[in-house]
Amino acid sequence: MPELTSSLVLRLLACFFLGSIPFAMLSMIGSGINLRTVGSGNPGFNNVLRVSKPRALICLAGDLGKGIAAILFFYRPAEPVSVAWLLGFAVILGHCYSPFLRFNGGKGVAASTGVMLVLYPLLALPCIGSYVVKNRAVPRASLTRIIVEQGVEMGRPARLYVEVHSDGDRICSVLVGGSAVIVGEGSLYDPPPA
């Protein structure tokens, strides 16, 4: 567990308040629609999607951006990764319990995805691919491909791709693949009890 310094507490509070920005409600400004009275009543991306797809994209960008920004702006690479996780949890808590919405907010899926995209993009991408498949966001009779590359500038390139083939409402295949450069190796040794 990292040491709880005043600097860390301030960054956690900043992440909480960043997370509490209600992009779902902001994306509906000018539409005359109150998200609390339509669909699920939840002030989150999925409820905006039920009402307006263009506004849902604005909401998604804001909610993903909160998670991404929390890590990029407030995490210091010299710190242990547990600090990044704490900052990520703070932004997600802010999203779910926004003081701007009387401590009621979204479910935190998009904000969590933003955090994961920064911390573990090679794990986040298959999750995004499965969401796309599950929600049939793949166009009919099409091929959808998502590719993520990272680490090139550090001399440790890694690439992951998810490819979804569909025909109408039927998903024909989902391919996940990639490559990475191993930068360390080791083994775990669990001694037998004495």
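The values are calculated or read from the model by the stated rules, or taken from the named source; none is laboratory data. It should be emphasised that the depicted structure is a prediction, and the values quoted were computed from it without experimental measurement. With ideal geometry, Cβ positions are generated from the backbone for all residues, glycine too; neighbour counts draw on all protein chains shown. Note: areas computed on protein heavy atoms with side chains; ligands, DNA, RNA excluded. Shrake-Rupley method; radii C 1.70, N 1.55, O 1.52, S 1.80 Å.
Screening residue 106 against (1) touching a helix residue (DSSP H, G or I) at 6+ places or on another chain (Cβ under 9 Å); (2) of a type outside the set (A, V, I, L, M); (3) part of a helix (DSSP H, G or I); (4) modelled with pLDDT of 70 or more leaves a single unmet condition, (3).
Restricted to segment 2-47, and to residues there that are under 16 Å from residue 58 (Cα atoms), free of Cβ contacts under 8 Å to residues at least 40 places away in the same chain and of a type in the set (A, V, I, L, M, F, W, C), the residue that is most open to solvent (accessible area, probe 1.4 Å) is 29.
In summary, helices (runs of 4 or more DSSP H) completely within segment 1-79 and bearing 2 or more residues that are touching a helix residue (DSSP H, G or I) at 6+ places or on another chain (Cβ under 9 Å) and β-branched (Val, Ile, Thr) occur at 45-51, 53-74.
Within segment 91-115, the set of residues being farther than 16 Å from residue 61 by Cβ and open to solvent by 10 Å² or more (accessible area, probe 1.4 Å) comprises 92, 93, 96, 97, 99, 100, 101, 102, 103, 104, 107.
Do we find a residue being of a type in the set (A, V, I, L, M) and at pLDDT 60 or above anywhere in segment 182-193? Checked segment 182-193: no residue is of a type in the set (A, V, I, L, M) and at pLDDT 60 or above. Scanning segment 57-66 for residues that are crowded, with 19+ Cβ neighbours inside 10 Å and hydrophobic (A, V, I, L, M, F, W, C) returns 59, 60, 64. Scoring residue 22 on the criteria (1) within 20 Å of the chain's Cα centre (by Cα); (2) at pLDDT below 80 leaves a single failure, condition (2). Scanning segment 116-127 for residues that are over 22 Å from residue 73 (Cα atoms) and open to solvent by 50 Å² or more (accessible area, probe 1.4 Å) yields one hit, 127. The single condition from (1) farther than 12 Å from residue 44 by Cα; (2) more than 13 Å from the chain's Cα centre (by Cα); (3) of a type outside the set (Val, Ile, Thr) that residue 88 fails is (2).
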